[in-house]
1. Within the bounds of the range 142-158, is there any residue that is of a type outside the set (A, V, I, L, M, F, W, C), over 22 Å from Asp60 (Cα atoms) and either over 13 Å from the mean Cα position of the chain (by Cα) or assigned to a loop (DSSP other than H, G, I, E, B) (or both)?
2. Looking at Ile92, Ile43, Ile36, which is the one that is in contact with a strand residue (DSSP E or B) (Cβ under 9 Å, 6 or more places away or on another chain) and more than 16 Å from Met140 (Cα to Cα)?
3. Go through (1) surrounded by fewer than 18 Cβ atoms within 10 Å (Cβ to Cβ); (2) under 13 Å from the mean Cα position of the chain (by Cα); (3) not hydroxyl-bearing (Ser, Thr, Tyr) and name the single condition Lys27 misses.
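The values are calculated or read from the model by the stated rules, or taken from the named source; none is laboratory data. Keep in mind the model is a prediction, meaning the values are calculated, not measured. Here Cβ is always computed from backbone atoms with ideal geometry, including for glycine, and neighbour counts include all displayed protein chains. The protein model used for the area step is the full one, side chains on, heavy atoms only, and it has no ligands, DNA or RNA in it. Shrake-Rupley method; radii C 1.70, N 1.55, O 1.52, S 1.80 Å.
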Amino acid sequence: MANTDTPNGFTPAGHKNGGTIRANKLKIAYNYGTAIYSGDAVILASGLVTKAADSSATVDGIFQGCSYRNNSGEVIFSPYWPGAALSDTAAIVDAYVYTDKGILFEVQCVTGTALTQAMIGVACDLAGTTGSTITGRSYMEVTPGTAGDAQFMLHALSERPGNVIGEHAKVLVSLNESVVG
């Protein structure tokens, strides 16, 4: 049976050491114009959370959600940062980010790259940067089998019904190069 193509970003699935999974509170610039979805890989730039790209040298964490006061003065708790600048230059946008390298995240392997058993225990890189404004969820995936240093380490095939080695496999990864956690 083939795996279905249902990217859902990075979802916390456990901890390598049995630890507690907690998000850190970091900041997003009030005028950061790029949407960040729950389950997106992020980096810190000048101490502020920004969305990671396929080409980012490192990934510092996985975005969980945010809270901020919008331009109407309402406090918003959201699974995603809409990427719309706030008019208040003093506005504080709190980002909740998983930065612990011990957290295992479930994520889908990118279309066109079939996971093999030999790819388990090998590094992998980020693929894709879109998400859903309806659900607030990321569509990020990983490309398994990356040579050399990479953003993530692939630990295992996720144990879920119908998930098999091959294209669109769901796998467990951890942050590999984060400088935060």
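1. yes
2. Going through Ile92, Ile43, Ile36 in turn, just one is in contact with a strand residue (DSSP E or B) (Cβ under 9 Å, 6 or more places away or on another chain) and more than 16 Å from Met140 (Cα to Cα): Ile92.
3. Failing condition for Lys27: (2).
Residue-by-condition table, conditions (1) out of contact with any helix residue (DSSP H, G or I) (no Cβ under 8 Å at 6 or more places or on another chain); (2) open to solvent by less than 60 Å² (accessible area, probe 1.4 Å); (3) farther than 21 Å from Tyr32 by Cα; (4) in contact (Cβ under 8 Å) with a residue 60 or more places away in the chain:
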position: Pro82; (1), (2), (3), (4): yes, yes, no, no
position: Cys124; (1), (2), (3), (4): yes, yes, yes, no
position: Gln151; (1), (2), (3), (4): yes, yes, yes, yes
position: Leu154; (1), (2), (3), (4): no, yes, yes, no
position: Leu157; (1), (2), (3), (4): yes, yes, yes, no
